[in-house]
Amino acid sequence: MKLVTYLREETDQLAILVDGLLYNTQDLHPELPNNMQMFLMAWEDVIDIAKHADARLKAGNRPANGIPVESVQILAPVPFPTSCRDGYAFRQHVAAARRNRKVEMIPEFDEYPIFYFTNHNAIQGPGEVACMPDHFEKLDFELEAAIVVCKAGRNITAAEADDYIGGFMIMNDMSARTLQMEEMKLNLGPAKGKDFSTVIGPMLVTPDELESYLVPAKPGHTGKNYNLKMTCKVNGIQVSEGNMGDMDWTFAEILERCAYGANILPGDVIGSGTVGTGCFLELNGTGKLNDPGYQEQWLQPGDVVEMEITGLGVLKNTIVKEDSDFSILALKKKP
C-alpha cells in the first residue's frame, strides 16, 4: 500500500495511491482516519481495513473520484512526526568519509548502531527548501531511506522490531556543512547544521509492497533488509548511487537501540543515515583525494534535487534562498 498526504482545503489529507490516482481514506471506509497522524495512532485497528480497500482499488473496483496525484500539493507523508532520529547504518559512507579526512575507520561503528535526534518540526515533503545565507556555506543533500513507527513500544528487541515499522520513505537529510563542522568541534551532535529542513516522501510504502525485494541482513545482523536501488540527481545529472541492501545495521537493530529504556511512539521517524556516495561531502572528499585540483560542488539557489529509491518513488526539491542577509556565522565572538 502506498499512502500519500496532500494539501486539501488548507489541511493534511491522507489518501491511498493506485495507478497515479489518489483516493481519500475516509471515502474508502468510514472507519479510516483522514490524516496520517490518526492513522498511525489507530494502526492496529485500521491497517487491515486499509489493506482491503487498497486491494479493491488494485483489482479495479474504484470510485469515480480518484484525484490525479500531479494535480495536488504533496506534503510529507508523515507531516507531524512525534520525533525524528537519524541513524548511521552504511559502513561504506562512514569509511569513505574518514578515509577522505585521513583518519582510520572507527571500530565502534561495527559494535553498535547510533543515531541523533533532529528537528521534527522541520520535516517537509516535496517542493521548495528555503535556506538562509549561512546554509549556503557548503549546502549539502544526504540520500537516505527512512521508516515510521506504527505502534508504541519500549525495550523491544531487534528480533521483534520489524513489526513496529509502518512503512518506508525516501529521506533527504539537508545539511549545512560549515555550521555543522563548527559546532561539532564542541563534541555535541549536529544542530544548526541540520535543523532547518529534513525532507521525507513522496509517500509511505508499507512493508508488504516490498517483500519481493527482501534480502538477508549482513552476517551477524538481525532484521529485514531490502535490495532497493538508491540514486540522487542534481539538475538532472546523477551524482549518487547506492542500495538500501548495503545497510550494515538494519532498521530493526536501530529501533532496538532507540527503544532501550525509552518509549517509541507511532509517528516517530527514523532515517538510515547516508548511503555510500550519498552526499557532496563524501563525493568532494573522494574527488580531492584522487585529484588535488578537484572542483568542489555544493548546492546552490535554484538547484533541483531528485532522489529515487526502487519502490518508494521520486522525491524532488528545489533549493531557494530566503529573502534575508542575516548571518549567525557573522555573530561569532573573537578570542
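The values are calculated or read from the model by the stated rules, or taken from the named source; none is laboratory data. Computed from a predicted structure; not experimentally measured. Neighbour counts are summed over all protein chains in view; Cβ atoms, including those assigned to glycine, are modelled from backbone coordinates with ideal geometry. Heavy atoms of the whole protein, side chains included, go into the accessibility calculation; ligands, DNA and RNA do not. Shrake-Rupley method; radii C 1.70, N 1.55, O 1.52, S 1.80 Å.
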Shape metrics for region 1-41, restricted to C-alpha atoms - Rg then Dmax, Å
9.6, 27
Cross-link reach from Lys218 to lysines, straight Cα distance under 20 Å and at least 8 residues apart if same chain, gives Lys229
Listed residue (Gly293, Pro266, Gly242) projecting farthest to the positive dipole end of region 229-335, Cβ model:
Gly293
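Ignoring ligands, DNA and RNA, what accessible area per residue does region 244-323 give at 1.4 Å, in Å²?
On a per-residue basis, 39 Å².
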Rg(Cα) / (2.2 N^0.38 Å) computed for region 171-284, rounded to two decimals
1.19
By accessible area of protein heavy atoms, probe 1.4 Å, what ranking do Ile114, Ile319 get, highest first?
Ile114, Ile319
Work out the length of the dipole vector of region 227-278 about its Cα centre, built from +1 on the beta-carbon of each Lys and Arg and -1 on the beta-carbon of each Asp and Glu, and round it to the nearest 20 debye.
200
For Lys334, give me every one of the aspartates and glutamates with a C-alpha distance below 17 angstrom, ignoring sequence neighbours fewer than eight places off in its own chain.
Glu182, Glu183
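Output the relative contact order of region 263-335, whole-number percent, from Cα pairs under 8 angstrom with separation of 6+ residues.
Computed over region 263-335, the figure is 17 percent.
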So if I average 1/r over every pair of distinct C-alpha atoms in region 1-118 and take the inverse, what Kirkwood radius in Å does that give?
17.0
Normalised per residue, the volume inside the convex hull of the alpha-carbon atoms of region 92-163 in Å³ amounts to 169
Within 10 Å, count the other beta carbons around each residue, average over each peptide in 137-145, 58-66, 213-221, and list them highest first.
137-145, 213-221, 58-66
Compute the projected area of the convex hull of the Cα atoms of the chain, averaged over all viewing directions, and report it in nm² to one decimal place.
18.6
Counting pairs of alpha carbon atoms under 8 Å apart in space and at least six apart in sequence, what relative contact order in percent does the chain give?
23
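Ignoring everything except DSSP H segments at least 4 long, calculate the 222 nm mean residue ellipticity for the chain; use -39,500 (n - 2.57) per segment, divide by total residues, nearest 500.
Numbers: 8 runs with 67 residues, N = 335.
When only DSSP H runs of four or more count, the value is -5500 deg cm²/dmol.
For a protection proxy built on the mean count of beta-carbon atoms within 10 angstrom, sort 160-173, 259-272 highest first, please.
Taking the mean over residues of other Cβ atoms within 10 Å, the ranking is 160-173, 259-272.
Going down the table (Lys233/Lys288; Lys138/Lys332; Lys51/Lys233; Lys151/Lys321; Lys51/Lys192), which pairs top 28 Å between alpha carbons?
Lys51/Lys233; Lys151/Lys321; Lys51/Lys192
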